[in-house]
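See structure below.
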Amino acid sequence: MADVRYLHAITNGTTALPPDLTGFAGAPLSSLNWHDLCAVTSSFDPATLHDFTLEDVLRHHALIEALAAKGPVLPVRFATVFLDETAVRQAVVKHYEALMAELARLGGKIEMGVSVLWNQAWQSDSDAAGISADSVTEVTGPGVFYIKARMAKYKQEALAISRARSVARALHNVLRPSALESRYAILPRSWVLLRASYLLERSQVEAFNRAFTLVRDQAPTLRMLPGGPWPPYSFFTQLDGLKLGRIPQLTTSRFLGSDSLEE
């Protein structure tokens with residue numbers, strides 16, 4: 001049976017593995033070196049696979065943070081698994097130049113996150129943009145009702161997107177100066193107005209937190225939740241491994257924009 005490998009992270013070739021760290025089920029970590037890169041992996045038995053848990057996610061995150069404390073690291077997405085060591089090596093060789101560039105760009109950097117939840121009054125206004133009872137009584141047939149329903153739904157969604165973009169732009173203008181790059185998602189969940197990620201030098205965390213406190217205090221009607229610092233997951237172009245198991249819902253999402261909120 002192939003020795004399935006769980007890929008935890010990509011580091012430079014000189015970063016030492018902390019001796020007390022292990023992979024899933026206590027499997028020892030191993031280094032797969034190729035020139036100036038090192039793939040940190042551990043053995044993974046797919047026969048014992050079960051639905052991944054939050055504890056598994058936290059263990060994965062803790063390992064990457066421990067590696068980041070030792071040197072530059074690229075945080076590989078949770079549950080990235082390869083058929084064997086040869087498959088890992090082939091992926092590293094194939095993407096070597098890109099991985100080296102990503103390590104130079106992201107190594108030593110951290111990510112800060114901000115989530116903005118819907119203001120209840122705004123959500124009520126958006127809901128009010130839908131079809132009212134009076135409008136339903138005016139409908140003369142199923143075709144007309146369908147068209148009106150679609151138009152009302154479109155109006156409701158457009159209002160929500162407009163408000164979300166307005167908040168995103170205001171937030172971006174305050175927080176972006178402290179960051180090297182940013183990513184944002186408009187309405188990633190029905191109850192989340194905005195989710196943003198910012199790439200920072202470690203020395204900029206304090207300035208970023210001050211800016212976040214300022215913008216949060218100036219918008220008391222919005223519920224803004226900070227996140228981080230953590231390794232720059234959102235800014236690393238990930239390697240694709242095998243698709244195994246069900247992954248729990250996390251606070252990440254597919255981003256709809258990048259540094260595009262300026263007027």
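The values are calculated or read from the model by the stated rules, or taken from the named source; none is laboratory data. Please read all numbers here as calculations on a predicted model, not as lab measurements. FYI the Cβ positions are ideal-geometry reconstructions off the backbone, even for glycines, and counts take in every protein chain you see.
Looking only at residues of the stretch 19-34 that are part of a helix (DSSP H, G or I) and touching a residue at least 12 places away in the same chain (Cβ under 8 Å), we find that the one that is surrounded by the most Cβ atoms within 10 Å (Cβ to Cβ) is Phe24.
Residue count for the stretch 189-203 under the criterion of being within 27 Å of Leu159 (Cβ to Cβ) and out of contact with any Leu (no Cβ under 8 Å at 6 or more places or on another chain): the result is 4.
Residues that are modelled with pLDDT of 90 or more and either surrounded by fewer than 16 Cβ atoms within 10 Å (Cβ to Cβ) or in a strand (DSSP E or B) (or both) within the stretch 106-141 comprise Gly108, Lys109, Ile110, Glu111, Met112, Gly113, Val114, Ser115, Val116, listed in sequence order. Considering the stretch 38-76, and only residues there that are in contact with a Phe, Trp or Tyr (Cβ under 8 Å, 6 or more places away or on another chain) and farther than 21 Å from Ile110 by Cβ, the residue that is modelled with the lowest pLDDT turns out to be Phe52.
Residue pairs whose Cβ atoms lie under 7 Å apart, separated by 6 or more positions or on different chains, with the first residue in the stretch 50-69 and within 13 Å of His8 (Cβ to Cβ) and the second modelled with pLDDT of 90 or more and in a loop (DSSP other than H, G, I, E, B), are Ile64/Pro231; Glu65/Pro231; Ala68/Pro231. If you go through the stretch 35-64 and pick out every residue that is loosely packed, with under 15 Cβ neighbours inside 10 Å and not in a loop (DSSP other than H, G, I, E, B), you end up with 7.
Here Leu194, Leu200 are screened, and the one residue that is aliphatic (A, V, I, L, M), more than 19 Å from Leu117 (Cα to Cα) and in a strand (DSSP E or B) is Leu200. Every listed requirement among (1) on the phi > 0 side of the Ramachandran plot; (2) without any contact (Cβ under 8 Å) to a residue 40 or more places away in the chain is met by Ala79 save one, (2). When restricted to residues that are in contact with a helix residue (DSSP H, G or I) (Cβ under 9 Å, 6 or more places away or on another chain), loosely packed, with under 15 Cβ neighbours inside 10 Å and modelled with pLDDT under 80, the stretch 156-181 contains 1. Answer yes or no: is there a residue in the stretch 182-193 that is closer than 30 Å to Arg59 by Cβ, modelled with pLDDT of 90 or more and hydrophobic (A, V, I, L, M, F, W, C). No, that holds for no residue. Reported count of residues in the stretch 31-48, each being over 16 Å from Ala62 (Cβ atoms) and touching a Lys or Arg at 6+ places or on another chain (Cβ under 8 Å), is 6. For first residues located in the stretch 190-213 and more than 23 Å from Thr237 (Cβ to Cβ), partners that are loosely packed, with under 15 Cβ neighbours inside 10 Å and not hydrophobic (A, V, I, L, M, F, W, C) and lie 6+ apart or on another chain with Cβ distances below 8 Å form the pairs Asn209/Pro226; Ala211/Pro177; Phe212/Pro226. Close Cβ contacts (under 9 Å, 6 or more residues apart or on different chains) running from residues in the stretch 90-105 that are surrounded by 15 or more Cβ atoms within 10 Å (Cβ to Cβ) to residues that are assigned to a helix (DSSP H, G or I) and among the β-branched types (Val, Ile, Thr) comprise Leu99/Val92.
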